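Below is one structure; the comments refer to it alone.
Here, each number is a calculation from the coordinates, and none is a lab measurement. As the structure is a computational prediction, the values presented were derived from the model and not from experiment. Glycine gets a Cβ as well: all are built from the backbone with ideal geometry, and neighbour counts include every protein chain shown.
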């Protein structure tokens, strides 16, 4: 379930936010992780923690459910936003999200059926279709995970949504007080609650189910867009074409030969590069992972005019360069120009951490 909490739901929010830089539909490709390697087992607790984490990553493929979910995020200035939704899932790949709060989201729905996604906007009765890019199999790189995080598993369960859940905590070894905590149902693997703390210890996001039903019953057309009779159909301009992972020879020829593709930015290792479809300028998406969290870096040739971002504020990088940053629903975006490229880095990290990654990237050439 954490896959939905951490990635899918914010993707939908960002699409509704205005198609940030026209890149939103490709964000879910950041979930790609490298292939599983044998972990260095330090204790039985570490082993059971990793096993439980692996189970949680694929839990929704084997478990149908419905439940009421609350997600609260905090911005750098301390302001919070809470989104309440009713989630419905039919395993292995059908989702429906019905938004309950805040007021401006009431009536919005999102349906996913494998790679197909429909977003219903009640204003104007608009139904927007998009096709999510295919992602590589989701596996855990245990060596990378253990290199960057310490892992603890609670000895006794807590109660969340009237279910027993064990608390699995990942604490960064590099960034002080950055931590991710998951309350996982050991029987189903579904994550019933999650908390994310930025470097420095500030609580950044909390997500939890207030109730969950593992035996839901769905009508035949429950996950079908046919239920929106009379709605105006529209296809997202960012859904054309397929996402393609690029080879080294393709990378050298891309972006006029000026692209920058470091194999590692601080603790984040490069997992692959894709070419985005449906955008005016050739844009590449670099996928980085530290074994647990994921960061996307978008590169395109520097435009004549400064890139515009909805709700952005100016931000000064350590190098003295100025960039633009914006935050929305669990994600932070930082955009700047360097190496004759327009660069945008996105992740569920603080502005300071993204700035640190951007600074290290800028110095990589």
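Computed over segment 244-362, the Cα gyration tensor eigenvalues convert (square root of 5λ each) into semi-axes of 21, 17, 14 Å, ordered from largest to smallest. Length available on full extension from residue 164 to residue 282: 0.36 nm per residue minus the Cα-Cα distance, which gives 37.6 nm. Highest average first, the peptides 120-127, 81-88 ordered by how many other beta carbon atoms sit within 10 Å of their residues are 81-88, 120-127.
The slack between residue 103 and residue 154, meaning 0.36 nm per residue of separation minus the straight C-alpha distance, is 14.6 nm. Mean sequence separation of contacting Cα pairs (under 8 Å, at least six apart), scaled by the length of segment 44-94, corresponds to a relative contact order of 39 percent.
Peptides 189-199, 146-156, 217-227 ranked from most to least packed by the mean count of surrounding Cβ atoms within 10 Å: 189-199, 146-156, 217-227. So for segment 244-362, averaging the separation of alpha carbon pairs under 8 Å that are six or more residues apart and normalising by length, what relative contact order in percent results? Relative contact order here is 20 percent. Does segment 164-250 classify as rounded, prolate or oblate by the C-alpha gyration tensor (a ≥ b ≥ c root eigenvalues; a/c under 1.5 gives rounded; else a/b over b/c gives prolate, otherwise oblate)? Oblate shape, in that a/c is at least 1.5 and b/c is the bigger or equal ratio. Taking other C-beta atoms within 10 Å as the exposure proxy, 276, 90, 233 rank 233, 90, 276 from fewest upward. When peptides 283-294, 163-174 are sorted by average Cβ neighbour count within 10 Å, with the highest value leading, the order is 283-294, 163-174. As a proxy for reagent exposure, 142, 63 were ordered by neighbouring Cβ count within 10 angstrom, fewest first; the result is 63, 142.
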